[in-house]
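The values are calculated or read from the model by the stated rules, or taken from the named source; none is laboratory data. Note that the structure is a prediction, hence the values are computed from the model and not measured. Note: ideal-geometry Cβ built from the backbone for every residue, glycine included; neighbour counts use all protein chains shown. What goes into the accessible areas is simple: the full protein's heavy atoms, side chains included, and nothing from ligands, DNA or RNA. Shrake-Rupley method; radii C 1.70, N 1.55, O 1.52, S 1.80 Å.
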Amino acid sequence: MSGGPSGMLRLFTAVELPAAVKTMLLSLQTDIPTLKWAREDTLHLTLRFIGETAQSKLPAIKAALASVQGAGFSLRLNGLGLFERPAQTILWAGLESCPELAALKHGIDAALTAGAGLAPARGRFSPHITLGRLKGPAPAELRRFAHTHATADMAQFTITSFTLFSSVLRPNGAVHFPEEVYPLREEANRQGNPPAKCE
């Protein structure tokens, strides 16, 4: 646990990526002026950004997340894109549509609202993995890079758990600390069937 002096924690839930997927994503990195690439230890799939939360609420949040039900399933990374805002551009790797991922996200949000008293999640869920950031609009070189890889079929991996993280902002970037790992059911594997695939 890494609470600050104010007794607050910056929390989020996410899926950790297998080492092979991180290696593949890191291999995409190239020299694009002003783009700050994500470090290997910050590559993840965010499911719910909780934000600044009183440290005293951590036990209730952990207990609520422990109630989330779900079985393991596979996801496929597919293509790069950009989120562009006037002050910042984000380069991301996208994922193919997946009902199991949407159900897991819904279960997490519902548990945090009903079990931990958090406000309902706002905004539309756009699952992605942040690969890099830069201030301001995207330069032409970054647009070309994203367009070149827009439809790339990059990797498939299996989700077997999700994690509650705390995050500390430091001058060289955020540092993430796992607070609790929540395994997903493995009934499909025990029945001799592979996890559900989202393709």
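Here is a yes/no grid of residues against (1) of a type in the set (Gly, Ala, Ser); (2) without any contact (Cβ under 8 Å) to a residue 40 or more places away in the chain; (3) under 18 Å from GLY123 (Cβ atoms):
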residue: THR13; (1), (2), (3): no, no, yes
residue: LEU35; (1), (2), (3): no, no, no
residue: PRO59; (1), (2), (3): no, yes, no
residue: ILE90; (1), (2), (3): no, no, yes
residue: ALA93; (1), (2), (3): yes, no, no
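Quick check on this structure: which one of LEU75, LEU82 is of a type in the set (A, V, I, L, M, F, W, C), in contact with a Phe, Trp or Tyr (Cβ under 8 Å, 6 or more places away or on another chain), part of a strand (DSSP E or B) and open to solvent by less than 10 Å² (accessible area, probe 1.4 Å)?
Exactly one of LEU75, LEU82 is of a type in the set (A, V, I, L, M, F, W, C), in contact with a Phe, Trp or Tyr (Cβ under 8 Å, 6 or more places away or on another chain), part of a strand (DSSP E or B) and open to solvent by less than 10 Å² (accessible area, probe 1.4 Å), namely LEU75.
Within segment 39-63, which residues are outside any strand (DSSP E or B), within 18 Å of ALA111 (Cα to Cα) and open to solvent by 70 Å² or more (accessible area, probe 1.4 Å)?
The answer is SER56, PRO59.
Can you find a residue in segment 111-133 that is at pLDDT 95 or above and farther than 28 Å from GLY70 by Cβ?
yes
Among the residues of segment 19-33, what is the count of those that are loosely packed, with under 14 Cβ neighbours inside 10 Å and out of contact with any Asp or Glu (no Cβ under 8 Å at 6 or more places or on another chain)?
Within segment 19-33, the first condition is being loosely packed, with under 14 Cβ neighbours inside 10 Å, and the residues that meet it are 19-20, 23, 27, 29-31, 33.
From what is left, the residues that are out of contact with any Asp or Glu (no Cβ under 8 Å at 6 or more places or on another chain) are 19-20, 23, 27, 29-31.
Number of matching residues: 7.
Within segment 85-97, can you find the residues that are of a type outside the set (D, E, K, R) and open to solvent by 10 Å² or more (accessible area, probe 1.4 Å)?
PRO86, ALA87, GLN88, ILE90, TRP92, LEU95, SER97
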